[in-house]
Every structure is written in structure tokens, then in C-alpha cells.
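The values are calculated or read from the model by the stated rules, or taken from the named source; none is laboratory data. Keep in mind that what you see is a predicted model, and the values were worked out from it rather than measured. We place every Cβ from the backbone using ideal geometry, glycine too, and count neighbours over all the protein chains shown. Accessible surface is based on the protein model in full, side chains and every heavy atom, while ligands, DNA and RNA are left aside. Shrake-Rupley method; radii C 1.70, N 1.55, O 1.52, S 1.80 Å.
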Amino acid sequence: MNALRQSVEFLMVDDNPEIAEFFEVYLHEKHHTCAIITDSSAVPEWLRQNQCEVAIIDLNMKPVDGISLIAHIRETDTRLPIVVFTGFGYDEEKMQAALRAGANGYVSKTLPFEQLYCALARVLATARHQAGQSRPHTRLAGVA
């Protein structure tokens, strides 16, 4: 493994730079690291060179839509937690397609950020528990 690989807790893939940057700042204020990718076609190369603990992926993107991106990630990494983050709200058809492609969860961009953060913090804590990691310097504030 390349010793120079960047390791972050969250990877945010959203083609809306304003949402992605706001989210990155919000997570940084909660003492988390977050990488942003606004071009979905760049994700496979980023994942070859870097690692993250949780991927947060928008569904409605171009040139590669979120469901295709999830399926591609699953081909190379079966363990990376993937949370769909979308402005569609609850759309049964899209949710089922994302889950079939390999997503672990589905959250709406319309949730208040504190609720969204709690959901993501639980996913991160679960991923760390399953990986047998313990990183006590990072507190998951707001987790019930």
C-alpha cells in the first residue's frame, strides 16, 4: 500500500459544489475529515489513490449517475459503507435501485443537518466497529 495515500473519514460526491462545500465545512466543524468530488467520473481514480471510511453519494449526477457509481464502487470494494444523499426525498424506486446497486443507506438532503449528521455518525461508528478500529481522538458528537 502506498504510504502517501490520503485517508479521510468521509468522501462526498455531489455535482453541486455549494452543497458539497457546505457539507465539508459542517463536518470539519464536527472534527471530521471530508474530501469532495464534484465530477462523478473522477471517483474511481480518487479511490485508487486514497481511502475513506464512508462514501456519501448523490444520485442525480452527470456524467456518471449515482446508481452506476455505487455499482462500480461495489465491484472493487465490497466493504466501503455507501450512503445515498439525495434531494429526491423518499423515492421508493430510486431507493431500491440504489440498495440493489450496493448502497447501505439512503438519506434526504432535506433533513435538518443535525439529523443527517447523526445518521452519518452512526454509519461511521458502525464501519469502525466492523473494521475493528478504535480512534478515540475523534468524537462522534450527537450520536445516540
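Please list Ser68, Ser108 from largest to smallest accessible area, probe radius 1.4 Å, with all protein chains kept in place.
Ser68, Ser108
In deg cm²/dmol, rounded to 500, what helix-only [θ] at 222 nm does the chain give when every DSSP H run of at least 4 residues adds -39500 (n - 2.57) and the total is split over its residues?
Details: 5 runs with 60 residues, N = 144.
Mean residue ellipticity at 222 nm (helix-derived): -13000 deg cm²/dmol.
Run down the aspartates and glutamates and flag those whose C-alpha is under 13 Å from the C-alpha of Lys94, throwing out any fewer than 8 positions away in its chain.
Asp58, Asp65
What is the pair-distance distribution P(r) of region 49-102, computed from all Cα-Cα distances in 5 Å bins starting at 0, with each bin given as a whole percent?
Pair shares across the bins are 4, 20, 32, 26, 13, 4, 1.
Kindly state, as a whole number, the per residue volume in cubic angstrom of the convex hull around the alpha carbon atoms of region 18-83.
84 Å³
How much net charge surrounds Asp39 when only the other residues with a Cβ under 11 Å from the Cβ of Asp39 are counted, with Lys and Arg +1 and Asp and Glu -1?
On the way: positive: Lys62; negative: Asp14, Asp15, Glu45.
So the environment of Asp39 carries a net charge of -2.
First select every other residue whose beta carbon is under 14 angstrom from the beta carbon of Asp15; then total the charges, Lys and Arg +1, Asp and Glu -1.
So the surrounding residues net to -4.
Highest GNM mean-square fluctuation, the chain, Cα pairs closer than 10 Å: which of Leu27, Leu111, Leu80?
In the Gaussian network model the winner is Leu111.
Would you mind getting the Kirkwood hydrodynamic radius of the chain from its Cα pairs, rounded to one decimal in Å?
For the chain, the Kirkwood estimate is 15.3 Å.
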